[in-house]
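Trainee: A single structure is presented below for examination.
Computed from the coordinates by the stated procedures, all read-outs in this text should not be read as laboratory data. Bear in mind that the values here come from a model prediction, so they are computed numbers and not experimental data. Cβ placement follows ideal geometry from the backbone for every residue including glycine, while neighbour counts extend to all protein chains displayed.
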Amino acid sequence: MDAELNPSTSPVGPVHAVLRDISRASHAPGALYSDPRILALEVDRVFRTDWFCLARAEELPEPGDFASFRIVREPVLVCRDQMGRIRAYSNMCRHRGVEVATGRGRARQFVCPYHGWTYDLDGRLRGAGYMQDSEGFDRDRCRLPELAVGIWGGWIFVTLTPDPEPFADYIAVFEEKFGYLQLDTLRVGLRVEADLRCNWKLMVENFIDFYHINVLHRDTVARFMKTVDLPYDLRRGGQVFIDEYDTGTLSESGEMTACRIPALEGRSPRFSQTAVLPPNLNFFVRPDYVSVYTSWPLTVDTMRMTGMILWTEQTMAKPNRDQIIAEFKVMLDRVLAEDFSMVESLQNAVGAAGFTPGRMCRLERGVQHYIKHCLSRLCAMDGA
């Protein structure tokens, strides 16, 4: 559960105005996005404890398939072992810490590129040259530290903590909301990545900020949206859901260009859903695709956004698949470019000496819920 937040002792300064009813609330102090000490707290209290979506199981179909990641500064290796299980390890050689695998690929074993220590797919050390004379060194007791893995809807989640919240509890509401989609049947058609000059939370907030749609996106997605005044389902842990709204798919015409997701047969061709799974995952459903975006801090004022867009197997098998994906990407690039310009401008503002948080609008209920959750995490160990 979220920690009880004392608005007078928040590490970002007084936040009374953030916690008020949306009709009287204001946005958070700029320090939440610009103070390096806040990021240090988030690394310790969020990124070293939470579950994170890293990849799709379909991307690792065979034993030996692997992908490497960094969660803040922590290197992570995800692979499929000889028995076909998805495993995750701390991607640091037990000798001096060099990453034993980089990028993506397939390997029979992982070999440290520095001194050649060699590990099986199950993380066990199998070779360590010239170590036989090192007194007390036990190769059989030396292995890559294993990390907990959760699989949901075909997505691979990993956590850095040895004592995480049970994954079933963490994902329970998402399963309640989206389990019906049978997401494990979808396939990745496009991956996107961008480095931005802003705090990681600003991009998470932007994705659930419908207040800006009719202004910033008036020539793109706003053309197909019936209303931006939407009903929110706000859940524990900062989760935000909009269970159904009316907008076009991401194409030049707003019409579907791909095969409909089977679970959405009978729904309107403009059926849409969106959600936030804290700390850093944004989730969008359209009748013909699902997209997931994650936001990762690099520094307090820089971040990396990654995205995965999934279509049905039928779409991915179509002769014109590349054309469908290319048209989607043209529109996605236009919309994201509009967003990127604004979140980078926001970052400049929150670090300015003259910045004063402005009042919230009722269309920002989801944003407020997420901000309140972030503040509660910062206070979680303060006894506040």
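Trainee: Can you list the residues, at least 5 places off or on another chain, whose amide H is less than 5 Å from the amide H of GLU244, using H built in the peptide plane?
Mentor: none
Trainee: Moving to a separate point now. Taking only the alpha-carbon positions of the stretch 51-163 and ignoring solvent, what does the Debye formula give for the base-10 log of I(q)/I(0) at q = 0.10, 0.22 Å⁻¹?
Mentor: Values returned for q = 0.10, 0.22 Å⁻¹ are -0.28, -1.22.
Trainee: Continuing with the same structure: Taking H placed 1.01 Å from N in the peptide plane, check which residues at least 5 places from ARG56 or on another chain put their amide H under 5 Å from its amide H.
Mentor: ILE156
Trainee: In square nanometres and to one decimal, what's the mean projected area of the convex hull around the Cα atoms of the chain?
Mentor: Taking a quarter of the hull surface, the average projection is 20.7 nm².
Trainee: Using every Cα-Cα pair within the stretch 283-355, state what percent have a distance larger than 15 Å.
Mentor: Roughly 67 percent, rounded to a whole number.
Trainee: Under the Cβ-under-4.7 Å rule, which cysteines of the chain stay unpaired?
Mentor: CYS53, CYS79, CYS142, CYS198, CYS259, CYS361, CYS374, CYS379
Trainee: In the P(r) worked out for the stretch 153-296, what percent of Cα pairs fall beyond 18 Å?
Mentor: 61
Trainee: Which order do peptides 348-356, 365-373, 34-42, 331-339 fall in by mean Cβ count within 10 Å, highest first? Working shown, then result.
Mentor: Values: 348-356: 12.6, 365-373: 22.7, 34-42: 17.6, 331-339: 16.0.
In decreasing order of mean packing, 348-356, 365-373, 34-42, 331-339 become 365-373, 34-42, 331-339, 348-356.
Trainee: Next question, about the same structure. Using unit Cβ charges (K, R positive; D, E negative) and no other charged atoms, how large, in debye to the nearest 20, is the dipole of the stretch 277-384 about its Cα centre?
Mentor: For the stretch 277-384, the charge dipole is close to 300 debye.
Trainee: For the stretch 244-384, what number results from the quotient of the Cα radius of gyration and 2.2 N^0.38 Å?
Mentor: Ratio of Cα Rg to 2.2 N^0.38 Å: 1.27.
Trainee: Could I ask something else about it? If amide hydrogens are placed 1.01 Å from N in the peptide plane, which non-local residues have theirs closer than 5 Å to the one on GLY127?
Mentor: THR118
Trainee: Right, next: What would the Debye formula give as log10 I(q)/I(0) at q = 0.12, 0.13 Å⁻¹ for the alpha-carbon point model of the stretch 1-122, no solvent?
Mentor: -0.63, -0.68
Trainee: Related question: How large is ³J(HN,Hα), in whole Hz, for each residue of the stretch 172-180 in order, when computed from phi with the Karplus curve 6.51 cos²θ - 1.76 cosθ + 1.60 and θ = phi - 60°, using x for Gly and Pro?
Mentor: Couplings: 4, 6, 4, 5, 4, 7, 10, x, 4 Hz.
Trainee: Just add up the charged neighbours of ASN348: K/R +1, D/E -1, any other residue whose Cβ is under 10 Å from the Cβ of ASN348.
Mentor: -1
Trainee: Mind listing the phi-derived Karplus ³J(HN,Hα) values for the stretch 96-101, rounded to whole Hz, using 6.51, -1.76 and 1.60 with θ = phi - 60°, and x for any glycine or proline?
Mentor: 10, x, 5, 5, 8, 8
Trainee: Let me ask something additional. Which angle from 0 to 90°, rounded to the nearest 10, does the C-alpha axis of helix 321-350 make with the longest principal axis of the chain?
Mentor: 80
Trainee: Further, regarding this structure: Measuring from label point to label point, each 7 Å out along Cα→Cβ, what is the VAL43 to ALA337 span in nm?
Mentor: It works out to 3.4 nm between the two label points.
Trainee: Rounded to the nearest 20 Debye, what is the dipole magnitude of the chain about its Cα centre when Lys and Arg each give +1 and Asp and Glu each give -1 at the C-beta?
Mentor: Rounded to the nearest 20 debye, it is 260 debye.
Trainee: Quick one: what are the phi-derived ³J(HN,Hα) couplings along the stretch 270-284, Karplus 6.51/-1.76/1.60 with θ = phi - 60°, whole Hz, x for glycine and proline?
Mentor: 10, 4, 9, 9, 8, 7, 10, 10, x, x, 8, 10, 10, 10, 10
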